[in-house]
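Beneath this line is the structure, given in structure tokens, with notes to follow.
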Amino acid sequence: MFLKSDGTEVWLKSSARLPYLSLAGVIETSEDYTRIRRKLCRAYEQISGIASDDAFLVRDLGCDGALVFCARPDKNCALLLLGKFNRGEERRTPCTVLEKFYDVVGKTIDGIGRQSGATIRFDVLQLELAMHAG
């Protein structure tokens, strides 16, 4: 993780002002991180240069956003929403976007768990601002 000047830790760095939603937790497994990382590298595109440790593109949400999974050797991890999440063309109810987001995140977490052979447990949901890399 990156340590910002105000003392907060964030998962990403960016040349632009980049807010993102972070769902942080741990990878629960007896396997070592090296084996988990190999499995994730086979299943997902690794993104270089934005995270202090590993970052994987786990779901492209179109031109508006993406879900990125970040993980560290100590097995701390986070699922990050970069950009926007649109509800699409489904019928409109007051909670449509939240319901759809919940569904997409749930399926994404299940997929990461299947690909890594581990349980992914998230404990904290928060908004973060990427460390400025400039």
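Tabulated data for the structure shown
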{"quantity": "Residues being among the aliphatic types (A, V, I, L, M) and surrounded by fewer than 15 Cβ atoms within 10 Å (Cβ to Cβ) - total across the range 107-128", "calculated": "3"}
{"quantity": "Test set (1) crowded, with 16+ Cβ neighbours inside 10 Å; (2) in contact with a Leu (Cβ under 9 Å, 6 or more places away or on another chain); (3) among the hydrophobic types (A, V, I, L, M, F, W, C); (4) outside any helix (DSSP H, G or I) - L57 fails condition number", "calculated": "(1)"}
{"quantity": "Hits in the range 99-131 (condition: among the aromatic types (F, W, Y) and under 23 Å from K13 (Cβ atoms))", "calculated": "F122"}
{"quantity": "Which listed residue, of L67, L98, is touching a helix residue (DSSP H, G or I) at 6+ places or on another chain (Cβ under 8 Å) and under 23 Å from P19 (Cβ atoms)", "calculated": "L67"}
{"quantity": "Only listed residue being of a type in the set (K, R) and without any contact (Cβ under 8 Å) to a residue 12 or more places away in the chain, chosen from K75, K107", "calculated": "K107"}
{"quantity": "Hey, L98 assigned to a strand (DSSP E or B), modelled with pLDDT under 95 and among the aliphatic types (A, V, I, L, M) or not", "calculated": "no"}
{"quantity": "Subset of the range 62-95 [of a type outside the set (A, V, I, L, M, F, W, C), part of a strand (DSSP E or B) and either over 25 Å from R35 (Cβ atoms) or more than 17 Å from the chain's Cα centre (by Cα) (or both)]", "calculated": "G65, G83"}
{"quantity": "Enumeration of residues in the range 18-38 that are farther than 13 Å from R72 by Cβ and either in contact with a Leu (Cβ under 7 Å, 6 or more places away or on another chain) or buried (at least 16 other Cβ atoms within 10 Å of the Cβ) (or both)", "calculated": "L18, P19, Y20, L21, S22, L23, T29"}
{"quantity": "Test for L40: is it under 18 Å from F85 (Cα atoms), touching a strand residue (DSSP E or B) at 6+ places or on another chain (Cβ under 8 Å) and not β-branched (V, I, T)", "calculated": "no"}
{"quantity": "Test: residue in the range 84-104 that is crowded, with 19+ Cβ neighbours inside 10 Å and touching a residue at least 40 places away in the same chain (Cβ under 8 Å)", "calculated": "no"}
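Residue-wise test of (1) at pLDDT 95 or above; (2) not small (G, A, S).
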residue: A51; (1), (2): no, no
residue: V58; (1), (2): yes, yes
residue: L82; (1), (2): no, yes
residue: E89; (1), (2): no, yes
residue: V104; (1), (2): no, yes
residue: D110; (1), (2): yes, yes
residue: G113; (1), (2): yes, no
residue: Q126; (1), (2): no, yes
residue: G134; (1), (2): no, no
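The values are calculated or read from the model by the stated rules, or taken from the named source; none is laboratory data. Note that the structure is predicted; figures quoted are calculated from it, not measured. Cβ: placed from backbone, ideal geometry, glycine included. Neighbour counts: every protein chain shown.
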